[in-house]
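Undergrad: Here it is, the structure, as structure tokens.
The values are calculated or read from the model by the stated rules, or taken from the named source; none is laboratory data. Everything numeric here is computed off the predicted structure, so don't read it as measured data. Backbone-built Cβ (ideal geometry, glycine too); neighbour counts: all protein chains shown.
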Amino acid sequence: MTGQEIKALHTELRDGREMDDVTFYTLAELAKAEFERMRPWRKLIKKDSSKSSTSATTYATSFAMPSSFIMTLPRRTLKLVNTSNVNDYIDCVEVPWERWDEYKNSQGYFTIDHLNSLYYVSGTVSGTYTHNFFFITTTTTLASGITWSFPTEFHPAIAFAVAAMEELGMDYDDINARMGNANFQRAQLIMRSAIKWDDTLQRSALGA
């Protein structure tokens, strides 16, 4: 569904009361962001290979985080691969920024300075290594002609979530509160279905 189609569904849920575009898409983007940040969805895994380490790189060398970054993967987020020998690679484990001094001189670690959107890699290398950085990405900002990246069956969650925001907050009264709670529950029902789908993808990726 495009943003326009999701908005049309929201209008139907509100008995034909159409919300202005600015308000709707602002709330829709909030609903989408909440959905995408709920867990490390397989659907949102993205690879960035634009950075590299050389013999001149140290633990103090900073690398810019991908602009669409949401979160790292639970495991194997960063792999350094030798550009001259793909069988020579270094798996890097993430450690907290506040503990970087404990790990910075030992190869095989990386840390993220989230405040400044930078990451650092520990130790040194003796060649050129490409950073294969896998992460959970945000999707394109929802607009009239934009289609959300998730499967279509999950798109109504945004319409239900926006309706609940409106009824439980902006347009609150006893009647809207009852409708808002119902729409919130419908959004959560879709979320549970999406989580089951994602769990299947996770198990498939692990060969389980």
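Undergrad: Does A8 qualify as being hydrophobic (A, V, I, L, M, F, W, C), free of Cβ contacts under 8 Å to residues at least 60 places away in the same chain and assigned by TED's automatic domain parsing to the domain that holds M165?
TA: Considered against the rule, which asks whether it is hydrophobic (A, V, I, L, M, F, W, C), free of Cβ contacts under 8 Å to residues at least 60 places away in the same chain and assigned by TED's automatic domain parsing to the domain that holds M165, A8 comes out as yes.
Undergrad: Which residue is nearest to the chain's Cα centre (by Cα), if the candidates are limited to region 56-70 and must be buried (at least 17 other Cβ atoms within 10 Å of the Cβ) and either in the same structural domain as F150 (by TED's automatic domain parsing) or not in a loop (DSSP other than H, G, I, E, B) (or both)? Step through it out loud before you land on a result.
TA: First, the residues of region 56-70 that are buried (at least 17 other Cβ atoms within 10 Å of the Cβ): 57, 59, 63, 65-66, 69-70.
Filter once more, so that each one left must be either in the same structural domain as F150 (by TED's automatic domain parsing) or not in a loop (DSSP other than H, G, I, E, B) (or both): 63, 69-70.
On the way: F63: 20, F69: 7, I70: 4 Å.
Among residues in region 56-70 that are buried (at least 17 other Cβ atoms within 10 Å of the Cβ) and either in the same structural domain as F150 (by TED's automatic domain parsing) or not in a loop (DSSP other than H, G, I, E, B) (or both), the one nearest to the chain's Cα centre (by Cα) is I70.
Undergrad: Hey, among the residues in region 1-55 that are outside any loop (DSSP other than H, G, I, E, B) and of a type in the set (S, T, N, Q), which one's nearest to the chain's Cα centre (by Cα)? Before you say what the answer is, go through the steps one by one.
TA: The first filter runs over region 1-55 and keeps only residues outside any loop (DSSP other than H, G, I, E, B), leaving 2-13, 21-36, 42-48, 52-53.
Filter once more, keeping what is of a type in the set (S, T, N, Q): 2, 4, 11, 23, 26, 52-53.
Details: T2: 20, Q4: 23, T11: 28, T23: 23, T26: 18, S52: 23, S53: 26 Å.
Top of the filtered list is T26.
Undergrad: For region 108-137, give me each residue that is of a type outside the set (F, W, Y) and in contact with a Leu (Cβ under 8 Å, 6 or more places away or on another chain).
TA: Start the filter on region 108-137 by keeping residues that are of a type outside the set (F, W, Y), which leaves 108, 111-118, 121-128, 130-132, 136-137.
The answer is I112, V121, V125, T130, H131, N132, I136, T137.
Undergrad: Is there a residue in region 152-175 that is within 17 Å of the chain's Cα centre (by Cα), at pLDDT 85 or above and among the aromatic types (F, W, Y)?
TA: First, pick out the residues of region 152-175 that are within 17 Å of the chain's Cα centre (by Cα): 154-155, 157-158.
Filter once more, so that each one left must be at pLDDT 85 or above: 154-155, 157-158.
Narrowing further to those that are among the aromatic types (F, W, Y): 154.
Yes - at least one qualifying residue is present in region 152-175.
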